[in-house]
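Read through the structure below, which is laid out as structure tokens, and then see the notes.
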Amino acid sequence: MRQLLTVFSLLLLATLFSVQTFADSRAEAEKRLMVEDSYEASYGRLFDEVAYFQGETYLNQYTNVIVINKAANKQTLRLYTNRQLMLTTKISSGAEDIEYVGAVRGVFNKIFKGATQSHWRHTTRGFYTIKRVEGANYRSGENKFHMPYAMFFNDLRGLAVHQVPPDLSSGEAAGEAALGSRASSGCVRVHKNYIQQIHSAVLAADKGQVPVLSTKTGQPQLDEYGRVRYERGYKTIVIVEEY
């Protein structure tokens, strides 16, 4: 009996120590990770719809403009094609908190499914051209979740517009019910009824010569001769704003 009490006491002390260590580690993770990247745009409205409709901006050189408002009380995506508003729908962007992954959970997730490192569930603001497009069966390389029809716009953070994962731990229905509120790890989730329309528009526009825009301001970058720089890329730009 005394031996059992001793073992129980040691386990209790170990648990309390682990909880304290967890708290300290989480605080350190928040301080280290919750820092905005230098290329991020400021808070506020970034997309000038009036100028776009009038054909007065460099955005008009893109076939598609996808405008995402990541504000907690907005959470919307608008798809414009050739100066026409084609779709408005609810989304879920990053939860804007730290998903803390301790050592034990990291090992567990690596074997099964989930993030293996702590990370800030953050969707970066700014102007981003689509970098790559995946199909219906695409899976995340890190956490192995499905990301159907993923359209990556920020490869540095692995951010994409994609369908609500059908294999969420909470279930696909719960992910769809959360649309309209922040819920993801940073990507932009869209309902399965609308994601193919966006995906098809991006593929139909394909690639071409597009202006290189500053991710912070949306203004064109210039070459050494003061001329606007162009590069070959998808003719779809994603604007993430927060207001």
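Going by Cα centres, the range 180-218 and the range 157-175 are how many Å apart?
15 Å
Past 23 Å, Cα to Cα: identify those pairs from 144/192; 144/235; 144/216; 144/207; 70/216; 90/192, in the order given.
Distance filter (> 23 Å) returns 144/235; 144/216; 144/207.
I need the phi-derived Karplus couplings for the range 85-96: 6.51 cos²θ - 1.76 cosθ + 1.60, θ = phi - 60°, integer Hz, Gly and Pro marked x.
After applying 6.51 cos²θ - 1.76 cosθ + 1.60, I find 6, 9, 7, 10, 8, 6, 9, 10, 9, x, 5, 6 Hz.
Between residue 229 and residue 207, 0.36 nm times their residue separation minus their Cα-Cα distance comes to what?
Numbers: separation 22, 0.36 × 22 = 7.92 nm, distance 1.60 nm.
My answer for the length gained is 6.3 nm.
At a Förster distance of 22 Å, what's the computed FRET efficiency of residue 136 paired with residue 177, Cβ-Cβ distance as r, to 0.05? Walk me through the numbers before you get to the answer.
Numbers: r = 22 Å, r/R0 = 1.00.
Calculated value: 0.50.
Show log10 I(q)/I(0) for the range 114-222 at q = 0.11, 0.24 Å⁻¹, two decimals, from a solvent-free Debye sum over equal Cα scatterers.
-0.37, -1.47
Can you work out the Karplus-derived ³J(HN,Hα) for every residue in the range 236-241? Use 6.51 cos²θ - 1.76 cosθ + 1.60 with θ = phi - 60°, whole Hz, and x for glycine or proline.
For the range 236-241, the Karplus-derived couplings read 9, 10, 10, 10, 10, 10 Hz, x marking Gly and Pro.
Order 206, 37, most accessible first, counting only protein heavy atoms with a 1.4 angstrom probe.
Numbers: 206 80, 37 50 Å².
My answer, sorted largest first, is 206, 37.
By how many nm would the segment from residue 193 to residue 71 grow when fully extended, if each residue of separation counts as 0.36 nm and the alpha-carbon distance is taken off?
Working: separation 122, 0.36 × 122 = 43.92 nm, distance 2.27 nm.
In short, 41.6 nm is gained.
For a quick check of understanding: with a 1.4 angstrom probe and all protein chains in place, what accessible area in square angstrom does residue 86 have, to the nearest ten?
Looks like 90 Å² after rounding.
The values are calculated or read from the model by the stated rules, or taken from the named source; none is laboratory data. Please read all numbers here as calculations on a predicted model, not as lab measurements. Glycine also receives a Cβ, built like all others from the backbone with ideal geometry; neighbour counts cover every protein chain displayed. These area figures cover heavy atoms from the full protein model, side chains too; ligands, DNA and RNA do not enter into them. Shrake-Rupley method; radii C 1.70, N 1.55, O 1.52, S 1.80 Å.
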